[in-house]
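See below for the structure under consideration.
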Amino acid sequence: MSAKGQILLIDDDVDFVMMNRAVLEHSGYEVSVAFNGQEGLEVARQRLPDLIVLDVMMEDMTEGFDLSREFRADPSLGHVPIIMLTSVNRQFRPLTFGPDPTWLPVDRFLDKPLPPQRLLAEIESILEK
């Protein structure tokens, strides 16, 4: 089966990554993984994914926020859609975060936990455009 697209999962939760990787690969996607921001940036530059799924809180509390801005500033990655999938809104109530063109330049902001099939639907929605 040929790949429907290249997805990069960046999250420090190994169980989350492996579960979603299995669902995405079963659905025909090629999946790369990274477990922190630095590794994610390196893999993204090597693989040039069609879409990135990014956590916020990894090695530090704002790593995903910072990485989303790095992706947008990189000429080879700035166009790649980003889904931020995180539990940061649960951790920091009553504050809530969401997409912002300058501070948080992501295409979708989704709260964990999220069933893998819902993530798959969000990815397909973005990539079909």
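Every read-out reported here was derived from the displayed coordinates using simple, explicitly stated rules and does not represent laboratory data. Note that the coordinates shown come from a computational prediction; the quantities given were computed from them, not determined experimentally. Backbone-built Cβ (ideal geometry, glycine too); neighbour counts: all protein chains shown.
Observations on the structure shown:
- Counting only Cβ charges, +1 for Lys and Arg and -1 for Asp and Glu, the dipole size of the chain around its Cα centre is about 380 debye.
- Charge dipole of the chain about the Cα centre (unit charges at C-beta), most positive-ward option of THR62, TYR29, ALA44: TYR29
- Legend: translational diffusion of the chain by Stokes-Einstein, Rh = Kirkwood radius over C-alpha pairs, 37 °C, 0.692 mPa s; D = 227 µm²/s.
- The slack in the chain from SER76 to ARG45, taken as 0.36 nm per residue of separation less the alpha-carbon distance, amounts to 10.4 nm.
- LEU110 long-range amide H proximity, modeled H, under 5 Å: MET84, LEU85, THR86
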